[in-house]
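Engineer: The structure under discussion is supplied below as structure tokens; questions concerning it will follow.
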Amino acid sequence: AEGSPLLTRFRRKVTVVPLGIDLRPFQEPSPGALAHAAALGAKAGGPLWACVGRLARYKGIDVALGALRDVPGRLVVVGDGPMGPAWRRLAGALGVADRVDCHGRVTDAELVGVYRAATAVWFPSITPAEAFGLAQVEAMAAGCPVVNTALPGSGVPWVCRDGVAGLTVPTGDPAALAAAARRLLDEPGLRDRLADGARREAGRFDHRTMAAATLAVYRQVIR
């Protein structure tokens, strides 16, 4: 709401109810999800990073590809969209194509497996067209930290808070994204602490919490 010139004019009349999802599939993974996670981990043989979402320009996957040059491990990209071919060409030009796996659309169980296997989810969106970032909530519920961007006028860094459930870096900065990823590898206990924080923070976005908050707004209006 604070990022909208219109809503700020009526701030006293605005109540924010965050989006919510059923967290259970991510918190209690199915056997299929666990098997997929194990297969991904075995293939990676080291750090595994993930980007999840529609392959549109505002997602900033080009930033992730630039960061991968300075970070060990593999990058799994889940999703499809108009920028897919261009970003695959960019991966080749940057010399990281052999460490990038483009999975396109996946099943629900495979998606959970990606989150469970990943060292962190990279969420390098570059414009406020990314208003929230539901993939962040999914990752958090699975106990996977997120490296996101400080998008002004967006809820992205509010969903996954810096130093609590992930790390926030400047927008459009591959070097900063790479540095944050290396912190997760090099600083003892950091990744585990953020993973624990991510699991706790995910509760803010449970679908039952969203439903209760929505009903509370209706009750207040009726009164």
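The values are calculated or read from the model by the stated rules, or taken from the named source; none is laboratory data. Source: prediction; values computed, not measured. Don't worry about glycine lacking a Cβ; one is built from the backbone with ideal geometry, like all the others, and counts go over all protein chains shown. To get the accessible areas, we keep the full protein, side chains included, count just its heavy atoms, and leave off ligands, DNA and RNA. Shrake-Rupley method; radii C 1.70, N 1.55, O 1.52, S 1.80 Å.
Engineer: Looking only at helices (runs of 4 or more DSSP H) that fall completely inside the stretch 49-126, which ones have 1 or more residues that are small (Gly, Ala, Ser) and closer than 18 Å to Arg191 by Cβ?
Structural biologist: Of the helices (runs of 4 or more DSSP H) lying wholly inside the stretch 49-126, those with at least 1 residues that are small (Gly, Ala, Ser) and closer than 18 Å to Arg191 by Cβ span 61-68, 108-117.
Engineer: Name every residue in the stretch 84-120 that is open to solvent by 60 Å² or more (accessible area, probe 1.4 Å), touching an Asp or Glu at 6+ places or on another chain (Cβ under 8 Å) and farther than 24 Å from Gly143 by Cα, in order of residue number.
Structural biologist: none
Engineer: Filter the stretch 67-83 down to the residues that are of a type in the set (Lys, Arg) and open to solvent by 60 Å² or more (accessible area, probe 1.4 Å) and list them by number.
Structural biologist: Within the stretch 67-83, Arg69 is the sole residue that qualifies.
Engineer: Filter the stretch 152-176 for residues that are modelled with pLDDT of 95 or more and either polar (S, T, N, Q) or farther than 25 Å from Phe26 by Cα (or both) and give the result.
Structural biologist: Thr168, Val169, Pro170, Thr171, Gly172, Asp173, Pro174, Ala175, Ala176
Engineer: I've got another one for you. Out of the residues in the stretch 169-191 that are touching a Pro at 6+ places or on another chain (Cβ under 7 Å) and surrounded by fewer than 22 Cβ atoms within 10 Å (Cβ to Cβ), which is farthest from Gly3 (Cα to Cα)?
Structural biologist: Leu185
Engineer: How about the stretch 145-162: which of its residues are out of contact with any Pro (no Cβ under 8 Å at 6 or more places or on another chain) and without any contact (Cβ under 8 Å) to a residue 24 or more places away in the chain?
Structural biologist: Within the stretch 145-162, Pro157, Trp158, Asp162 meet the criteria.
Engineer: Could you pull out the residue among Ala195, Ala213, Ala109 that is over 20 Å from Val63 (Cβ atoms), touching a Ser or Thr at 6+ places or on another chain (Cβ under 7 Å) and not aromatic (Phe, Trp, Tyr)? Walk me through it before giving the result.
Structural biologist: Numbers: Ala195 fails: touching a Ser or Thr at 6+ places or on another chain (Cβ under 7 Å); Ala213 fails: touching a Ser or Thr at 6+ places or on another chain (Cβ under 7 Å).
Within the list Ala195, Ala213, Ala109, the selection yields Ala109.
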